[in-house]
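Below: the structure, in structure tokens.
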Amino acid sequence: MQTATAGWAAGFIAAIAATVWVGGQLALAALVTALLHLGSDVTRTAARRFNQVAWPAFAVLVATGVWNVVAGQDKITGRYEVTLTVKLIAVAVSGLTAWLHARARTTTGLAVFGALTALSALASLFLGVMLAD
């Protein structure tokens, strides 16, 4: 019973973290144009504030992902293993491109890395749903 409760709690915490990581990216992307009209400093401040919440959420997602892999090792066979591997790659791409996006200094770099981050985060979310019981 304790393992089931811990698994449920890890899943709930992961859902909250995914809401912040993925949902926050989508919300901020939708606001960029409006924020730019207020000035580039406003956009930078919003991004910096989002990063203060987003990176801890990403760390929580990675930690709960590790928990789920360790706790469910008996399920890691065949299609599950392939899906899990693709998800891990998508998570790594999401984190790497978010890091690159935060350091980009050109409009093109911001756009490309922002789009790659959002797409890989959405892919990770979709694959996570596929892996859920």
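The values are calculated or read from the model by the stated rules, or taken from the named source; none is laboratory data. The shown structure was predicted, so the numbers you read here are calculated from the model rather than taken from an experiment. Cβ coordinates were reconstructed from backbone atoms using ideal geometry, including for glycine residues, and neighbour counts include every protein chain displayed.
Go through segment 15-107 and tell me which helices (runs of 4 or more DSSP H), entirely inside it, have 2 or more residues that are of a type in the set (Ser, Thr, Tyr) and either at pLDDT 90 or above or exposed (fewer than 12 other Cβ atoms within 10 Å of the Cβ) (or both).
Output list reads 40-71, 78-103.
Restricting attention to segment 102-133, report how many residues are of a type in the set (Gly, Ala, Ser) and touching a residue at least 24 places away in the same chain (Cβ under 8 Å).
Total satisfying the criteria: 9.
Does Asp41 fit the bill of being under 21 Å from Ala132 (Cβ atoms) and among the acidic types (Asp, Glu)?
no
Say whether the condition of being polar (S, T, N, Q) and under 21 Å from Ala9 (Cβ atoms) is met by at least one residue in segment 84-97.
For segment 84-97, residues polar (S, T, N, Q) and under 21 Å from Ala9 (Cβ atoms): absent.
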